[in-house]
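The values are calculated or read from the model by the stated rules, or taken from the named source; none is laboratory data. No experiment lies behind these values; they were computed from the predicted model shown. Heads up, the Cβs are rebuilt from the backbone with ideal geometry, glycines too, and the neighbour counts pull from every protein chain shown.
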Amino acid sequence: MSEAEFTPVSPPVAILGALLGQREGYVSGTQLAAQLGISRVAVWKHLRRLERQGFRFEAARRRGHRLLEVPDHLHPLLLEALLPPERRPPTFLFFTSTDSTNTRADRALAEGHPDPIVVVARAQEAGRGRLGRSWHSGDHGNLYLSLGLRPRLPPARMGLFTLWMGVSAGSYLRGTTGLPLGLKWPNDLMADGKKVAGMLTEAKMDADQTRETVFGLGLNINAPADTFPAELRSLATSLAIEHGSPLPANPLAAGLIARLLEAYETFLRDGHRDPLADLWPQFDLLKGRPITLHQGTSTFSGTAAGIDARGSLILKSPSGGLQTFRAGEVTIAKTAAP
Amino acid sequence: MDLKEIKQIIDLMKRSDLTEFSVEEQGFKLRIRRGPAGAPVAVSSPAPALPPPAAPSEPAPSATPSEEIGVDYITSPMVGTFYRAPGPETPPFCDVNQLVEENSIVCIIEAMKIMNEIPADKRGTILEILVENGQPVEFGQRLFKIKAG
């Protein structure tokens, strides 16, 4: 990708980018002004404005400016500055609170914005999961993210999308946090038997291709245990709870967005099959365990036996027969305590 | 024989003096008669020896000429689970006797946790919903019976 294809960034993003690149040192005001093609006074004004939004800078005579502190909560300019230039999306929308990031991404696709469209919110008023279920989305330091995409692929080609995006998110977060995260087929991200991230993909079909796709992800980053509704406390957790202390939300979210956009690119050029086959067994929480799969009004019980080449869940029945599933909800059967 | 072939026959008839055409293939019979001034009229009826109806799990052709005229089917473009509404408490996308426009969403098919909104590929009135909510469907399976137009 040539430099000309990079999305141009606003002056505050460019200032943050320059200062983030020099975390230990100083960047002179003259240098910043020259780099951005604006006056030193304009640079100074941008810095004051950023201070009002939770950033802290140090200015040293003759040396220049240094970034001391960034906001704890997700911040749009910081997220943009933290994204590697080749991963800055052509459309980036940020909301302190919105109805649902999936709905926003869907609307942005319909309005014709160039994709990939990245939508981030600190809170959702109507966050949703599979089949109209709600996704608890308070403003507690979590990430609500949607990617609006136009894959234009036949539906059969979309088959591994869910697993691939799940494994990509999982391996990034495992690498960054060091937590032993796993996936419950198809893509519930789990930590210590509790859900830490949920993903939902909604697609619009044309005659024979998947025209528009919205990939939504809710990740509990810093939510403290007491912010979960009582009925969810045994089912859901956050990275911070598992980690034992809060995590830097902005670098974590920016890194995750970059990884997911990269994963989507890999998926478009059909390069995901081998890495998925390699990664899935490392994340598969179900393999070898007794499970029940609910599909509509039917339930199937047996032992999970991994996935096939198309990503379908393989279920081994008590009689030894194998059955594969492309949809359904899995519960892990309770086994007697050891 | 598909719709394209039937159209070709009609075109051929228009361009020639041919006023009647009939063909019999395995499972169905087609007869097209053309009035002196009017457009061609297609009349088709099941042939006496019909093959047994396809099992519900087998892919069904999207249209067979052995049905009454104007009746058509919206079929599933993929293997998955059929849902009539986006959620258990939301109204279904469409119902019997409702007119659906081409490209309006008629159902969701979930496959590999992708909720695929399925558009009608033709305009028409829903005559029958052939799959129950939450049931698995196969590629090409008939989902809705519609009266086209």
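List of remarks:
- For region A:81-103, the tally of residues that are surrounded by fewer than 23 Cβ atoms within 10 Å (Cβ to Cβ), over 16 Å from the mean Cα position of the chain (by Cα) and touching a residue at least 60 places away in the same chain (Cβ under 8 Å) stands at 3.
- Out of A:92, A:57, one residue alone is aromatic (Phe, Trp, Tyr) and over 30 Å from residue A:105 (Cβ atoms). It is A:57.
- Hey, residue A:229 surrounded by fewer than 21 Cβ atoms within 10 Å (Cβ to Cβ), more than 20 Å from the chain's Cα centre (by Cα) and within 14 Å of chain B (Cβ to nearest Cβ) or not: no
- Candidate set: region A:283-295, residues that are touching a residue at least 24 places away in the same chain (Cβ under 8 Å) and of a type outside the set (A, V, I, L, M, F, W, C); chosen: the one surrounded by the most Cβ atoms within 10 Å (Cβ to Cβ): A:284
- Residue that is farthest from residue B:107 (Cα to Cα) [pool: residues in region A:126-182 that are hydrophobic (A, V, I, L, M, F, W, C) and free of Cβ contacts under 8 Å to residues at least 12 places away in the same chain]: A:156
- Looking only at region A:138-170, residues that are polar (S, T, N, Q), within 14 Å of chain B (Cβ to nearest Cβ) and surrounded by 22 or more Cβ atoms within 10 Å (Cβ to Cβ) come to 1 in all.
- Among residues of region A:203-218 being buried (at least 23 other Cβ atoms within 10 Å of the Cβ) and not aliphatic (A, V, I, L, M), the one that is nearest to residue A:162 (Cα to Cα) is A:215.
Table: residues versus (1) at pLDDT below 95; (2) within 28 Å of residue A:290 (Cα to Cα); (3) of a type in the set (Ser, Thr, Tyr).
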site: A:173; (1), (2), (3): no, yes, no
site: A:238; (1), (2), (3): no, yes, yes
site: A:257; (1), (2), (3): no, no, no
site: A:262; (1), (2), (3): no, no, no
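- As for region A:189-199, it holds at least one residue that is within 30 Å of residue A:69 (Cα to Cα), modelled with pLDDT of 95 or more and within 14 Å of another protein chain (Cβ to nearest Cβ).
- Here residue A:65 meets each of (1) in contact with a Leu (Cβ under 8 Å, 6 or more places away or on another chain); (2) surrounded by fewer than 18 Cβ atoms within 10 Å (Cβ to Cβ) with one exception, condition (2).
- Filtering region A:321-338 to residues that are in a loop (DSSP other than H, G, I, E, B) and at pLDDT below 90 leaves A:326, A:327, A:328, A:333, A:334, A:335, A:336, A:337, A:338.
- Members of region B:122-149 found to be facing chain A (nearest Cβ under 9 Å) and acidic (Asp, Glu), listed by number: B:132
- Residue A:289 falls short of the stated requirement of being over 22 Å from residue A:182 (Cα atoms) and more than 14 Å from chain B (Cβ to nearest Cβ).
- Among the residues listed as A:263, A:254, A:240, A:236, the single one being in contact with a His (Cβ under 8 Å, 6 or more places away or on another chain), among the small types (Gly, Ala, Ser) and within 30 Å of residue A:20 (Cβ to Cβ): A:263
- Lone qualifier among A:157, A:150 - being in contact with an Asp or Glu (Cβ under 9 Å, 6 or more places away or on another chain), farther than 21 Å from residue A:242 by Cβ and modelled with pLDDT under 95: A:157
- For residue A:180, the requirement of being in contact with a strand residue (DSSP E or B) (Cβ under 9 Å, 6 or more places away or on another chain), surrounded by fewer than 19 Cβ atoms within 10 Å (Cβ to Cβ) and away from chain B (no Cβ under 14 Å) is met.
- Residue within region A:116-130 that is touching a Pro at 6+ places or on another chain (Cβ under 6 Å) and surrounded by fewer than 17 Cβ atoms within 10 Å (Cβ to Cβ) present: no
- Residue match in region A:240-256 (condition: within 13 Å of chain B (Cβ to nearest Cβ) and not hydrophobic (A, V, I, L, M, F, W, C)): no
- Subset of region B:97-121 [more than 8 Å from chain A (Cβ to nearest Cβ), in a loop (DSSP other than H, G, I, E, B) and touching a residue at least 40 places away in the same chain (Cβ under 8 Å)]: B:120
- Check on residue A:131, at pLDDT 95 or above and in the same structural domain as residue A:226 (by TED's automatic domain parsing): no
- Answer from A:298, A:238 - the residue that is buried (at least 21 other Cβ atoms within 10 Å of the Cβ) and either outside the structural domain of residue A:183 (by TED's automatic domain parsing) or within 30 Å of residue A:71 (Cα to Cα) (or both): A:238
- Filtered by the rule that a residue be within 11 Å of another protein chain (Cβ to nearest Cβ) and in contact (Cβ under 8 Å) with a residue 60 or more places away in the chain, region B:69-96 gives B:76, B:77, B:78, B:79, B:82.
- Residue ID - nearest to the chain's Cα centre (by Cα), chosen from residues in region A:301-318 that are assigned to a loop (DSSP other than H, G, I, E, B) and buried (at least 17 other Cβ atoms within 10 Å of the Cβ): A:311
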